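The values are calculated or read from the model by the stated rules, or taken from the named source; none is laboratory data. Note that the structure is a prediction, hence the values are computed from the model and not measured. Because the Cβ atoms are built from the backbone with ideal geometry, glycine has one as well, and the counts that use them run over all protein chains shown. Please note that ligands, DNA and RNA were not included when accessible areas were found on the heavy atoms of the full protein model with its side chains. Shrake-Rupley method; radii C 1.70, N 1.55, O 1.52, S 1.80 Å.
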Amino acid sequence: MAVETRTTLPDELCEFILEWKHRPGNLIMILHRVQQHYKYLPEPVVDEVARLADLSLAQIYGVATFYNFFNLTPPGKHRIAVCMGTACYLKGAPALTEELSTTLKVGVNEVTEDKQFSLLEVRCVGCCGLAPAVLVDEDLYGKLTPEKVQEMLDNYQEGA
Amino acid sequence: MVRLKIDGRELETAQGNTILDAALEAGIDIPRLCAHPELTPSGGCRLCMVEVSGIQGMQTSCTLEARDGMEVVTVTEEIENHRKITLDGFISDHPLDCVTCDKAGACELQELAYRYDLKETSMHFELGRTLFQDDNPAFLRDHKYCILCGRCVRACSEVVGADALEYADRGFESHIATAFDRPMEESPCVFCGSCVEVCPTAALMTKSRLRKGREWELGKVRSVCTYCGVGCQMEYRTRQVLDAQGKSKTEIVSVNGFPEAPANGVFLCTKGRYGWDYIAKPDRLDMPLIRKDLAFELGITREAWELPGDSPLKVKDARDNFVPVSWDQALDVVADRLAKTVKENGPDSVGGLASARCSNEDNYTFQKLMRSEFGTNNVDHCARLCHASTVAGLAKAFGSGAMTNSIGEVRHADCIFITGSNTSEAHPVIGYEVTRALRKGASLIVVDPRRIPLARKATIHLQAKSGTDIWVFQGMMRVIRDEKLADEEFIKTRTEGFELFASGLEDVTVEEAARVAGVDAEDIRRAARIYAGGIRQEGVSKYGEGRGRSTILYSMGITQRSNGTELVLTLANLAMMCGMIGKESSGVNPLRGQGNVQGACDLGALPNVLPGYQAVTDDALRTTVEKKWGGATIPNKPGLTIVEMMRAAESGDIKAMFIMGENPMISDPNITHVEHSLRTLPFLVVADIFLTETAQLAHVVLPARAALEKVGTFTNTERRVQLSRQVVAAPGEAREDWRIVSEIGKRVAKILGHTDTRWDFRDSADVAEEISLVSPIYGGIVHERLPGDGLNWPCPDKNHPGTPILHVGQFKRGKGAFTPVTPKGPAEMPDEEYPFYLGTGRMLYHYHTGTMSRRTEVLHWKQPKAYVEIHEDDAAEMGIADGKPVVVESRRGSIRAAARVGTTVQRGMVFIPFHFREAAANLLTQDENLDPTAKIPELKVCAVKVTNPAAKKKVAVAS
Ligand code: SF4
Ligand code: SF4
Ligand code: SF4
Ligand code: FES
Ligand code: FES
């Protein structure tokens, strides 16, 4: 189906949205695809998505704020995910979050001022043997201690 | 019926009801906070827990359907403990400041805390939600009072269909939000206040009500909204204040819905809920006024007057052209002049415009004055400009020109067919009914050149080019005939003329119809099948095998056309062909625009019929009425219609006019012409509540009362006659229109020597008594029967219960009549010079000529100025940006307004709402091409050119 209206979205996204427009469960699928494209859900893009798909903007917002998976603000360049599964929790994951948060001056689900890191807490990442575990992008750091946090971060510090 | 036992009592309840419903019916008050009788249950608050035999554990009674043989217990120690703990949770983060809270006395949380004797919480959480949003003049959002029951979210999406609110975030952060927590104004909110109405706490509060008194101190007056034909019932909350003279007077503080309201339940639209403050504006007329030149002539004063300026619209303070006089002075002049005109120039030299904004009593006395005193049928009103073709067309097909079903039946339809009606804006509460039906699985077919809000939710939107919808209808009927979808049985037993009509369908093929209308032939076929079968979204009828129920809703997009009557006949043909009429939730339903347009027609404010649609040409009927009017002589030929009267005024055939509550200077087509006609009149008298654009041209202006200031009956679009009560006192010396008319009648009768016509009505109930004697369809409708739901006419006698559905078993005229119709396009087509179609109509926030709605805070705030809807591609080609001015010009005039760029209109079309005098759409519309039967002008289609004043060179682009 052709796009009947002017839009600022790239063609591939438009096509995807129109393809899913009338299917059940479309909202999550469409948001997924949009986040894949932009790495987060930019506000003007969400407006456009709601318009093209005839979806309720408030509902999109509700879904996007309910699931941790969706971001409404641009994520940092690197994603730090502290595992909060039972094993990691018991082995000191909260202290890791605290350390990261002080070092980076950033709260959970927030992005550092220099936009380098986003700090997240996630459920079991499946490496309980290495608890406590932290994922930075795709890299796994097992048996991490607060003392080793700075060392880990240095691997990603620009120009460092 | 389902039988079950609750707390040991044997109860019966309707199939599909929940345990909570059944309990409440029996007066068992189960505590609850998230459930609301008008909303789907959500099971969120967990207060309504009960125990049910055979089911383990406690159950939420608001979500559990009642079944035969259930045994339910609503109170046990365990349940009560659970409720107490749950409530404790609710008040744990709630500011318990009931001592100053405006909601006190109406707050459901307070009520439950009292019931469970919870003085304080045992949990002490910090308040999670602290957001306080004061971003609009209608209501406040104070999240610290919010208990997250979600009623507001459900009301907004399930009923209103605006989808402005949703739960956002989660855990302690969880709150009710607009998208991106934007201000209400930037959300799709339509400011209907439905969320406020259902909110159990002070989280959502009407602003006008704050600090004006507690619930138990406020007065409550049940009345009727007169802003549109839905005729919602509402409750005015009032208080007593002292006026400047130290006298106590009643002041409105807010409008609430109430559950028993027949057409609307607790819901209202923005106009009804927030559009009442115009009544207290300082520029209300409170004294009769006489134009200075006439006053001078009459020697009322010797001062030298400055004569009126060139155009009344240019005069700064129009009141400077008038002098206030006493009622006697004013009425004497009016009676003298009108009587003199009749004596010197004959009865038909006088004309009158009654009003769809006035009550039945007002309209009845008005047409009685014109007919019995002046002896002319020159009486009409703006229904001419909206539904004259409905009255003509449906009377021909069925024998009665009104909605065949009631509003509440829309909700139960399987298929809703909407054409030429922007229902959610012009009749918002009927729009809610459509939204509810869709939610329950009904299908929706929209045929409209604009992508109106409901079109976005439609199963099929046939966006036929302006003026070509008739091809779509013909195409659909062709499909129904060819595919044998017609209801043979119905056609055979209930109708006549089918053969001739059906053979006419040969003339247009579906492909041709699709081509002319610019739509997909396959969509026409699908629409035909869905309508004919009454097929729901999921493909089946709610009523099992057989045909479902399809209902047609239409409005001015159909009627305001040069072939309006034929279009109405076409819809009647379509309905009869499929047997979709004369049963519940299935019929042909014209949505009447103004508050009392149905009543004004019913009471004979039309040139061809006496009250109750008794034709003036019918000798027997006419003489009966003449007798009841004390031997008056009513002419046996129809009088002039609005547009004809304007022409006659211009040519000098009409020398005096009486206009009651109408403003043709904004509402009528080709205003330049109207202005010229009215200015030519040797005598013009206007009764109104403000000095309208029309009143400014009058010789005498009489101050009238608004609906809120008088008692009267109004007939809504479903033929329901409802009693509107007086809420506040009228300003100054303003009087009811029927009283003004009767006073004139008395005086004229004396001058002309008509001694037997009755004008000494005691009150409006007295007028209604006379109506019941003169108009057979109102035979049983008198004021004392009306408190409550009102009565749907026909209601022939005082024991008759009224008639919500017309044509059951038999049409009013006997057999339904098919009429062959040849499709025809609009009279004025776009051409090289005027390449765009112009459509005109209403928008949600304003009413008619804006006299009232533009004087209210909320409505004016929301839509302060005129706009022109244009398609984004056309706009782009002309370099027109959203919000920037455009000039629209027709053969008759030109206006300038801000562009609203988007995809609501098609390419090659512009749409302008007609409420705004500074960019009056009716400067552009035409008054030449009248529908031959109904004499309605083609307000919906004319040709214009659109230019961008910012562009150096004029460019005009057609599609
Ligand atoms: S006022 Fe009406 S449209 Fe606005 S949020 Fe409330 S329910 Fe929705
Ligand atoms: S604002 Fe009112 S209706 Fe909406 S969730 Fe909060 S308490 Fe309930
Ligand atoms: S829908 Fe009509 S009658 Fe009801 S509140 Fe709105 S304007 Fe008034
Ligand atoms: S709990 Fe952290 S990896 Fe499983
Ligand atoms: S009323 Fe049933 S759960 Fe709230």
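How large is log10 of I(q)/I(0) for region B:836-958 at q = 0.15, 0.16, 0.23 Å⁻¹ when the intensity is taken from the Debye formula with one equal scatterer per alpha-carbon?
Here log10 of I(q) over I(0) equals -0.67, -0.76, -1.32.
Helix B:469-482 versus the longest principal axis of chain B: what is the Cα-based angle in degrees, 0 to 90, to the nearest 10?
So the inclination is approximately 60 degrees.
Name the residues whose placed amide hydrogens come within less than 5 Å of the amide hydrogen of B:Ser443, ignoring near sequence neighbours (fewer than 5 apart) on the same chain.
For B:Ser443, the qualifying residues are B:Cys415, B:Ile416, B:Gln537.
Quick one: if the Förster radius is 51 Å, what FRET efficiency do B:Glu71 and B:Val99 give, using the C-beta to C-beta distance and rounding to 0.05?
It comes out at approximately 0.75.
What is the extension gain from B:Thr130 to B:His800, computed as 0.36 nm multiplied by their sequence separation minus the C-alpha to C-alpha distance, in nm to one decimal? Mind showing how you got there, number by number?
On the way: separation 670, 0.36 × 670 = 241.20 nm, distance 5.62 nm.
The span from B:Thr130 to B:His800 would gain 235.6 nm if fully extended.
Assign unit charges at the C-beta atoms only (+1 for Lys and Arg, -1 for Asp and Glu), then state the dipole size of the protein assembly as shown relative to its Cα centre in Debye, rounded to the nearest 20.
Its charge dipole is roughly 1920 debye.
Could you tell me what percent of the DSSP beta bridges with both partners in region B:836-958 are antiparallel, to the nearest 5?
Approximately 60 percent, going by the DSSP bridge assignments.
Which whole-number percent of Cα pairs in region B:705-849 have a distance greater than 17 Å? Please report the intermediate quantities before stating the final value.
Numbers: 7881 of 10440 pairs.
Of the Cα pairs, 75 percent sit more than 17 Å apart.
Any idea what the dipole of region A:11-66 comes to, in debye rounded to 20, about its Cα centre with Lys/Arg Cβ at +1 and Asp/Glu Cβ at -1?
Here region A:11-66 has a charge dipole of around 220 debye.
Can you work out ³J(HN,Hα) from phi for every residue in region B:200-217, in order, using Karplus 6.51 cos²θ - 1.76 cosθ + 1.60 and θ = phi - 60°, giving whole Hz and x for Gly and Pro?
x, 10, 8, 5, 10, 9, 5, 5, 4, 8, 4, 6, 9, x, 8, 2, 6, 8
Quick one: buried accessible area between B and A, total over both chains, 1.4 angstrom probe, nearest 100 Å²?
Interface between B and A: roughly 1600 Å².
How long is the gain from B:Asp760 to B:Gln537 if the chain were fully straight, where each residue apart is worth 0.36 nm and the alpha carbon distance is subtracted?
Answer, rounded to one decimal: 74.5 nm.
Hey, what angle do you get for helix B:521-533 against the long axis of chain B, alpha-carbon based, 0 to 90 degrees rounded to 10?
70
Identify the trypsin sites (Lys or Arg not before Pro) of region A:82-124 meeting these criteria: DSSP loop state and at most 16 other C-beta atoms within 10 Å of the C-beta. Walk me through the intermediate numbers first.
On the way: sites: A:Lys91, A:Lys105, A:Lys115, A:Arg123; in loops: A:Lys91, A:Lys105, A:Lys115, A:Arg123.
Within region A:82-124, the qualifying trypsin sites (Lys or Arg not before Pro) (loop, at most 16 other Cβ atoms within 10 Å) are A:Lys105, A:Lys115, A:Arg123.
Suppose every K and R has +1 on its Cβ and every D and E has -1 on its Cβ; what is the size of the dipole of chain B about the Cα centre, in Debye to the nearest 20?
Roughly 940 debye, rounded to the nearest 20.
Would you work out if region A:11-66 is rounded, prolate or oblate? Take a ≥ b ≥ c from the square roots of the eigenvalues of the alpha-carbon gyration tensor; rounded if a/c is under 1.5, else prolate when a/b is larger than b/c, oblate otherwise.
Here region A:11-66 falls in the rounded category.
Using DSSP to define loop residues, name the trypsin sites (Lys or Arg not before Pro) in region B:631-709 whose beta-carbon has at most 13 other beta-carbon atoms within 10 Å.
Values: sites: B:Arg647, B:Lys655, B:Arg679, B:Arg705; in loops: B:Lys655, B:Arg705.
Qualifying residues, ordered by number: none.
So for region B:404-590, taking the charge dipole from beta-carbon charges (+1 Lys/Arg, -1 Asp/Glu), which of B:Thr459, B:Gln474, B:Ala513 sits furthest toward the positive end?
Positive-end residue among those listed: B:Thr459.
What accessible area, in Å² to the nearest ten, does a 1.4 Å probe give for B:Leu591?
Ignoring ligands and nucleic acids, B:Leu591 comes out at about 0 Å².
Which of rounded, prolate or oblate describes region B:404-590 when judged by the alpha-carbon gyration tensor and an a/c cut-off of 1.5?
Rounded shape, in that the Cα axes give a/c under 1.5.
Name the residues whose placed amide hydrogens come within less than 5 Å of the amide hydrogen of B:Leu610, ignoring near sequence neighbours (fewer than 5 apart) on the same chain.
Sorted by chain and number, the residues that satisfy this are B:Ala615, B:Val616.
Just flag the trypsin sites (Lys or Arg not before Pro) in region B:139-245 sitting in loop per DSSP whose Cβ has no more than 14 other Cβ atoms within 10 Å.
Counting only loop positions with at most 14 other Cβ atoms within 10 Å, the trypsin sites (Lys or Arg not before Pro) in region B:139-245 are B:Arg170, B:Arg211, B:Arg214.
Could you give me the ³J(HN,Hα) list for region B:156-166, computed from phi with Karplus coefficients 6.51, -1.76, 1.60 and θ = phi - 60°, whole Hz, x at Gly and Pro?
Karplus-based 3J(HN,Hα) across region B:156-166 equals 5, 8, 6, 9, 6, x, 7, 6, 8, 10, 7 Hz.
Only bridges whose two residues both fall in region A:23-160 count here: according to DSSP, what percent of them are antiparallel, nearest 5?
55
Select from B:Gly879, B:Ala532, B:Ser677 the residue farthest towards the positive end of the dipole of chain B; place +1 on Cβ of Lys and Arg, -1 on Cβ of Asp and Glu, and compute about the Cα centre.
Farthest towards the positive end: B:Ser677.
Can you compute log10 of I(q)/I(0) for region B:111-267 with the Debye formula, treating each Cα as one identical point scatterer, at q = 0.16, 0.18 Å⁻¹?
Normalising to I(0) and taking log10 leaves -1.05, -1.23.
Tell me, what ³J(HN,Hα) does each residue in region B:667-682 have, in order and in whole Hz, if you take phi through Karplus 6.51 cos²θ - 1.76 cosθ + 1.60 with θ = phi - 60° and put x for Gly and Pro?
Coupling constants for region B:667-682: 7, 9, x, 6, 4, 4, 5, 4, 4, 4, 4, 5, 5, 6, 4, x Hz.
Work out how much length B:Ala729 to B:Thr822 would gain on full extension: take 0.36 nm times their residue separation and subtract the Cα-Cα distance, in nm to one decimal.
Computed gain between B:Ala729 and B:Thr822 is 28.1 nm.
Name the residues whose placed amide hydrogens come within less than 5 Å of the amide hydrogen of B:Arg900, ignoring near sequence neighbours (fewer than 5 apart) on the same chain.
Residues meeting the criterion, in which the H sits 1.01 Å from N, are B:Val868, B:Glu869, B:Ile870, B:Gly883.
Round to the nearest 0.05 the FRET efficiency obtained for B:Arg239 and B:Ser53 when R0 = 56 Å and r is the Cβ-Cβ distance. The partial results should precede the final answer.
Values: r = 50 Å, r/R0 = 0.90.
Here the calculated transfer efficiency is 0.65.
Which percent, to the nearest 5, of DSSP beta bridges fully inside the protein assembly as shown are antiparallel?
Close to 55 percent.
Could I get the Rg over Rh figure for chain B? Both from C-alpha atoms, Rh via Kirkwood, rounded to two places.
Radius of gyration relative to Kirkwood radius: 0.98.
When only alpha-carbon atoms are used, what values of Rg and Dmax, in angstrom, describe region B:892-954?
Spelled out, the Cα radius of gyration and Dmax of region B:892-954 are 13.6, 46 Å.
Viscosity 1.002 mPa s, temperature 20 °C: Stokes-Einstein D of the protein assembly as shown from its Kirkwood Cα radius, in µm² per second?
66
Would you work out which of A:Tyr89, A:Val149, A:Ala133 lies farthest towards the positive end of the dipole of region A:78-154, given +1 charges on the beta-carbon of Lys and Arg and -1 on that of Asp and Glu, about the Cα centre?
Of the candidates, A:Tyr89 comes out farthest on the positive side.
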